1. Compute the FRET efficiency between GLU63 and PHE7 as 1/(1 + (r/R0)^6), taking r as their Cβ-Cβ distance and R0 = 41 Å, and round to the nearest 0.05.
2. Based on the Kirkwood radius over alpha-carbon pairs, what is the Stokes-Einstein translational diffusion coefficient of region 2-48 at 25 °C with 0.890 mPa s viscosity, in µm²/s?
3. Which lysines does LYS62 reach when only Cα atoms under 17 Å apart count, and residues fewer than 8 places away in its own chain are ignored?
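Read-outs: derived from the displayed coordinates by stated rules, not from any lab. Note that this is a predicted model, so its numbers are computed, not measured. Virtual Cβ from ideal backbone geometry, glycine too; neighbours counted across all protein chains shown.
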Amino acid sequence: MSLFWLFWIPLAILVGTIASSRGRSGFGFFLLSLVMSPLISFAILLALSNKSEEARQEQFRKEEHQRQLESIRALAAVAAPSEAASSSPSASSSIAISEELEKLASLRDRGILTDTEFQQQKSLILNQRTTRG
């Protein structure tokens, strides 16, 4: 019987450690392993999503979102001086604005921009156009 506990407790500790590395309660899975079985607890742990990985992916998505917003702002800032240099509104500036709006719509459709952010950026682009025109 003591040989049984010699393997059971270390396996329960191992399951608790793995659970902790996956963003789950290590102590909770340790207790679950002691009461039920380390094998069953491990199977349950594998069936659950990896919270640590989900958090990393969410952080990456937010960082990518911020990079996209910064690039949109940079494009708008670069487009503003070049359009201000032209003395009269031309067809090429209208095409540039429509291309910028299409890019914004594409980012919104892909889920990179929210509807609110899309409307804000669209307003900025259109306001720049009306103040120059």
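1. 0.40
2. Values: Rh = 10.1 Å.
The calculation lands on 244 µm²/s.
3. LYS51
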